[in-house]
Amino acid sequence: LNGYEIKEIFDPNFYIFLAFGQSNMEGHARPEAQDQNCPERFKMMAAVDMPQSGRKKHEWYTAKPPLCRDGTGLSPCDYFGRELVANLPEEVTVGIINVSVGGCGIELFDVDKCAGYIASSADWLKNAVKVYGNNPYQVLVEAGKKAQESGVIKGILLHQGENNAGDQNWPNNVKKIYEKLLSDLGLKGEEVPLLVGEVVDVSVNGM
């Protein structure tokens, strides 16, 4: 049924990864035909309803893009998951939950700063976060809790873009969010690492 697979029984071999960030993680690259060829052992949970994709909130589907929400594209999660599936034992299934907002600062995922950050943001961001009920962190936690009924959270992925560039307090903000995720989901840092992507500066002579 359109790639949908019910996972009613807890499976310790179902490895789940939570993902959040901005445009890079959200996915702006347009998927090509080859990207639709997705292994059945790679799943995604819709964190919100995705009517254009025929996906319902908190249900698992084969991880064909988009993995974040309707209107997004190919993200690092797509081939992160496929690479894991290709290199893990056949009994292991990989799942991704992606809650990201293009152009946002890390403050959007800080529950203590989220409301103020949204209030001071441009209208385009205010409109973007409405699908997450103006609280993307809480949406990620709720989806994570639902996912724990099916499998084991093995890691948390973060990838931002240009926002917060040069912000000396960014690592501390990330640490706070990561530790709160661990607490809210009953996870241990030594078992659930935070994997942070890096944007490499490829400019030449400042150009």
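The values are calculated or read from the model by the stated rules, or taken from the named source; none is laboratory data. Since we're looking at a predicted model, the values are computed, not measured. Note: ideal-geometry Cβ built from the backbone for every residue, glycine included; neighbour counts use all protein chains shown. Ligands, DNA and RNA are stripped out before the accessible areas are found, and what is left, the full protein with its side chains, is counted by its heavy atoms. Shrake-Rupley method; radii C 1.70, N 1.55, O 1.52, S 1.80 Å.
Tally the residues that are surrounded by 16 or more Cβ atoms within 10 Å (Cβ to Cβ) and farther than 20 Å from residue 183 by Cβ, restricting the search to the stretch 129-150.
Within the stretch 129-150, residues that are surrounded by 16 or more Cβ atoms within 10 Å (Cβ to Cβ) and farther than 20 Å from residue 183 by Cβ number 4.
Starting from the stretch 71-87, keep only residues that are more than 12 Å from residue 30 (Cα to Cα), then list their pairs with residues that are open to solvent by 40 Å² or more (accessible area, probe 1.4 Å) whose Cβ atoms are within a distance under 7 Å, requiring at least 6 positions of separation or different chains.
76/24; 82/39; 85/39; 85/41
Tell me whether the stretch 51-61 contains one or more residues that are polar (S, T, N, Q) and within 22 Å of residue 159 (Cα to Cα).
So in the stretch 51-61, the residues polar (S, T, N, Q) come out as 52-53.
The next check asks that each one be within 22 Å of residue 159 (Cα to Cα); those that pass are none.
No, the stretch 51-61 contains no residue that is polar (S, T, N, Q) and within 22 Å of residue 159 (Cα to Cα).
For the stretch 170-184, indicate whether the set of residues that are of a type outside the set (D, E, K, R), surrounded by fewer than 17 Cβ atoms within 10 Å (Cβ to Cβ) and in a loop (DSSP other than H, G, I, E, B) is non-empty.
Among the residues of the stretch 170-184, not one is of a type outside the set (D, E, K, R), surrounded by fewer than 17 Cβ atoms within 10 Å (Cβ to Cβ) and in a loop (DSSP other than H, G, I, E, B), which makes the answer no.
Give the stretch 154-168 a look and list any residue that's under 17 Å from residue 76 (Cα atoms), among the small types (Gly, Ala, Ser) and open to solvent by 20 Å² or more (accessible area, probe 1.4 Å), or say none.
161
Would you confirm, using the coordinates I've provided, whether residue 196 is modelled with pLDDT of 95 or more and either at positive phi or surrounded by 14 or more Cβ atoms within 10 Å (Cβ to Cβ) (or both)?
no
Could you list, in sequence order, the residues of the stretch 110-128 that are open to solvent by 40 Å² or more (accessible area, probe 1.4 Å) and more than 22 Å from residue 167 (Cα to Cα)? Give the derivation first.
Going through the stretch 110-128, the residues open to solvent by 40 Å² or more (accessible area, probe 1.4 Å) turn out to be 111-113, 115-117, 119-120, 122-124, 126-127.
Once the filter is applied, which keeps residues that are open to solvent by 40 Å² or more (accessible area, probe 1.4 Å) and more than 22 Å from residue 167 (Cα to Cα), the stretch 110-128 yields 123, 124, 126, 127.
Please verify whether residue 107 is in contact with a strand residue (DSSP E or B) (Cβ under 7 Å, 6 or more places away or on another chain), over 22 Å from residue 29 (Cβ atoms) and open to solvent by 20 Å² or more (accessible area, probe 1.4 Å), treating the condition exactly as stated. Can you show your working first?
Numbers: in contact with a strand residue (DSSP E or B) (Cβ under 7 Å, 6 or more places away or on another chain): no; over 22 Å from residue 29 (Cβ atoms): yes; open to solvent by 20 Å² or more (accessible area, probe 1.4 Å): yes.
When the stated conditions are applied, residue 107 does not pass them.
Here's the yes/no breakdown for (1) more than 12 Å from the chain's Cα centre (by Cα); (2) at pLDDT 95 or above; (3) within 27 Å of residue 125 (Cβ to Cβ); (4) not aliphatic (A, V, I, L, M):
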site: 56; (1), (2), (3), (4): yes, yes, yes, yes
site: 60; (1), (2), (3), (4): yes, yes, no, yes
site: 76; (1), (2), (3), (4): no, no, yes, yes
site: 82; (1), (2), (3), (4): yes, yes, no, yes
site: 92; (1), (2), (3), (4): yes, yes, no, no
site: 98; (1), (2), (3), (4): no, yes, yes, yes
site: 105; (1), (2), (3), (4): yes, no, yes, yes
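Name the pairs: first residue in the stretch 167-179 and closer than 15 Å to residue 189 by Cβ, second residue at pLDDT 95 or above and of a type in the set (Phe, Trp, Tyr), Cβ to Cβ under 8 Å, at least 6 apart or on different chains?
177/109; 177/137
Might you let me know whether the stretch 199-207 holds any residue that is outside any loop (DSSP other than H, G, I, E, B) and either under 23 Å from residue 80 (Cβ atoms) or aromatic (Phe, Trp, Tyr) (or both)? Walk me through how you get there before you give the answer.
Residues of the stretch 199-207 outside any loop (DSSP other than H, G, I, E, B): none.
No.
Just give me the residues in the stretch 60-92 being out of contact with any Phe, Trp or Tyr (no Cβ under 6 Å at 6 or more places or on another chain), within 18 Å of residue 150 (Cβ to Cβ) and surrounded by 18 or more Cβ atoms within 10 Å (Cβ to Cβ), in sequence order.
60, 67, 77, 84 - these are the residues of the stretch 60-92 that are out of contact with any Phe, Trp or Tyr (no Cβ under 6 Å at 6 or more places or on another chain), within 18 Å of residue 150 (Cβ to Cβ) and surrounded by 18 or more Cβ atoms within 10 Å (Cβ to Cβ).
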